[in-house]
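Engineer: First the structure, which I've put down as structure tokens, then a few questions once you've had a look.
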Amino acid sequence: MGLANRAVSSEEVESVLQESIEHLKTLSSAALAVTKKAIYAWDSIHFDKGLARAEKIYLDDLMTTEDAQEGINAFLQKREPLWKGR
């Protein structure tokens, strides 16, 4: 599974990496943990099976978190979410 979303010159690697890190720091740590789990579960299996497994992980592990509810509430209230990592 390819996870690259852009190519940059060797001179840009450090600044682009730092931008990516800063963006990731604004996200829910609970969502990031579940995403990591889903990616590892998807490794080396057929795309459809991997997608089904990732979907199950998200539904079982992520959608029951406080951060999931906060994300929904923030979206509906048109505000930035306040992540708790739970």
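Just so it is clear, none of the values below were taken in a lab; they were calculated from the coordinates. None of the values given here were measured: they were computed from a predicted structure. Heads up, the Cβs are rebuilt from the backbone with ideal geometry, glycines too, and the neighbour counts pull from every protein chain shown.
Engineer: In the chain, if every C-alpha pair distance is counted and binned at 10 Å from zero, what percent goes to each bin?
Structural biologist: Taking all Cα pairs of the chain, the binned fractions are 15, 35, 34, 16, 0 percent.
Engineer: May I pose another question? Among GLU66, GLU11, which comes first, second and so on when ranked by fewest other beta-carbon atoms within 10 Å?
Structural biologist: Fewest-to-most ranking of GLU66, GLU11: GLU11, GLU66.
Engineer: To continue, here is another question. For the chain, calculate the relative contact order in percent as a whole number, restricting contacts to Cα pairs under 8 Å that are 6 or more residues apart.
Structural biologist: It comes to 29 percent, rounded to a whole number.
Engineer: So if I place +1 on the C-beta of Lys and Arg and -1 on the C-beta of Asp and Glu, and nothing else carries charge, what would the dipole magnitude of region 28-86 be about its Cα centre? I want it in debye, nearest 20.
Structural biologist: In total the dipole reaches around 60 debye.
Engineer: Something else: List the trypsin sites (Lys or Arg not before Pro) within region 1-55 that DSSP assigns to loop and that have no more than 16 neighbouring Cβ atoms inside 10 Å.
Structural biologist: Listed in order of number, the matching sites are ARG6, LYS25.
Engineer: Could you calculate the contour length gain from ILE39 to GLU55, that is, 0.36 nm times the residue separation minus the distance between their Cα atoms, to one decimal place in nm?
Structural biologist: That pair, ILE39 and GLU55, stretches by 4.7 nm at full extension.
Engineer: Something else about it: Could you tell me which of ILE21, LEU59, TYR40 has its Cα farthest along the dipole of the chain towards the positive end, charges placed at Cβ (Lys, Arg +1; Asp, Glu -1), taken about the Cα centre?
Structural biologist: Ranked along the dipole, the leading option is LEU59.
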